[in-house]
1. May I ask for the longest run of the chain untouched by trypsin sites (Lys or Arg not before Pro) that are loop-located per DSSP and have at most 11 neighbouring C-beta atoms (other than their own) within 10 Å?
2. Starting from the Cα of Leu233, step 7 Å along the direction of its Cβ; do the same at Val339; then give the gap between the two resulting points in nm.
3. Just how many % of Cα pairs in the range 129-261 lie over 17 Å apart, if you round to the nearest whole percent?
4. Two-decimal Rg/Rh of the chain from alpha-carbon positions, Kirkwood Rh?
5. For a quick check of your reading of the filter: which GluC sites (Glu not before Pro) in the range 217-298 sit in a DSSP loop and have no more than 15 other Cβ atoms within 10 Å?
6. Using only alpha carbon positions, build the gyration tensor of the range 264-387, then give the equivalent ellipsoid semi-axes as the square roots of 5 times its eigenvalues, largest first, whole angstrom.
7. Please enumerate, by chain and number, the lysines with C-alpha under 26 Å from the C-alpha of Lys119, excluding those fewer than 8 residues away in the same chain.
8. May I ask for log10 I(q)/I(0) of the range 130-172 at q = 0.14, 0.23 Å⁻¹, from a Debye sum over the Cα atoms as equal point scatterers with solvent left out?
Amino acid sequence: MVRPAGRRSLWRFAVVLTAGLAAAGATRAAEAPASQLPADQIRAEVARLVPPLWTVQDVTVEPMPAPVPEGKPAPKDPDSRAAARISARLKLAKPTFTVESREGPVTFIRPAADTSLEKTLTATALATRAGTGWTLRIELQNPEVMEGVGKPAGELPGRTVVAGSEEAKKLREQIDRDARQRIAEEQARRQREEELMAQQAATAKAEAERADRERRLVEARVAQVTDLRGKLLGSDRTARLAAYEAALGGNDPALRQIAMEAALQSRDPVVANLALKDWLARKKALPVLLFATKEDGNSETVLHNLGPLTLEIESFNAVNGAVAGRMGAPGYSIAKPSVAVGTLAQTELTVNSYGCVLTLRLTEHQTMDGLFRCQTLPTLIARITLD
């Protein structure tokens, strides 16, 4: 049996059955009088038109006068046309249901009709004989009787469950639990997001406060350095000396370095002396660079054999500039390390050690340059770099 593509449209349109009858049936139709309708073919065609949801119990075919098309003459051979009223008793093949509600993949359904439901389908048939066969046309009169009875459970979407059943009750409880769990998870997610946003806001606030403190510290530092530079370059000598003393005697390395560089570059011997005293007070050993002189040719040999000269400071008196320690080089016995005493007078440092004298004076290049003299050795040029 071939099912129609669309039930409603197929029920309502007139079906034409062309000369496809079997050879034996065609022979009988050709030999039969016009009043003898092709009843078997009518029953078969009605059964074909009924959708699979219904089964045809029986079909009654009642002859009636064949209608004459309007505006056309009556056929010359009245036996070439025949008509009939059709009454088909239908019975529902499967229980049907309607959709009550849908919950995700589950469809809750209600019974609509069972297999005890019967309907009567009426129609008219017009048969026209052409040659050795019949052309059959059937028009359904009340196709709506097959409608509005729901659908089989298998044709409804999703997993179908009959509403009110124990399975439906369990599923609804599970759906409610799942919904509550989703709500709880959503609330927990939102709470985590709010906590994260609050944490980020607190972090951003702390970072902004830290940046603000750093900015204020930088501004205060800039103001402090600017104030110190202003005092060091000011015309008030008393204020300038006080600023030098405060910076050089403090524990701020940056301010002390600024004050020291400014003092060493100044032409004020008192200020330079303050810087040199602070510098010496913080040193334990001073490497002395030695250079040969052009006046004495032996100075190159002596310099090569003498080795590095070092002034070790054991004590320094910042009040009177007295220096005590050890000074010497390993190359000659007369210049070997021995007790050394000296004095810092303004910008000049003099140190004596076992027949050798080191004399240095501050230069504009932040070095102390001078001479190293020993009793039996050539005079050498000496330098200490102020770092």
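Computed from the coordinates by the stated procedures, all read-outs in this text should not be read as laboratory data. These numbers come from a predicted model, not from an experiment. Here the Cβ positions follow ideal geometry from the backbone for every residue, glycine too, while neighbour counts run over all protein chains shown.
1. The reported range is 77-266.
2. 4.9
3. Beyond 17 Å sits 81 percent of the P(r) for the range 129-261.
4. 1.83
5. On the way: sites: Glu219, Glu245, Glu261, Glu295; in loops: Glu295.
Filter output for the range 217-298: Glu295.
6. 25, 16, 11
7. Lys91, Lys94, Lys151
8. Evaluating at q = 0.14, 0.23 Å⁻¹ gives log10 I(q)/I(0) of -0.61, -0.89.
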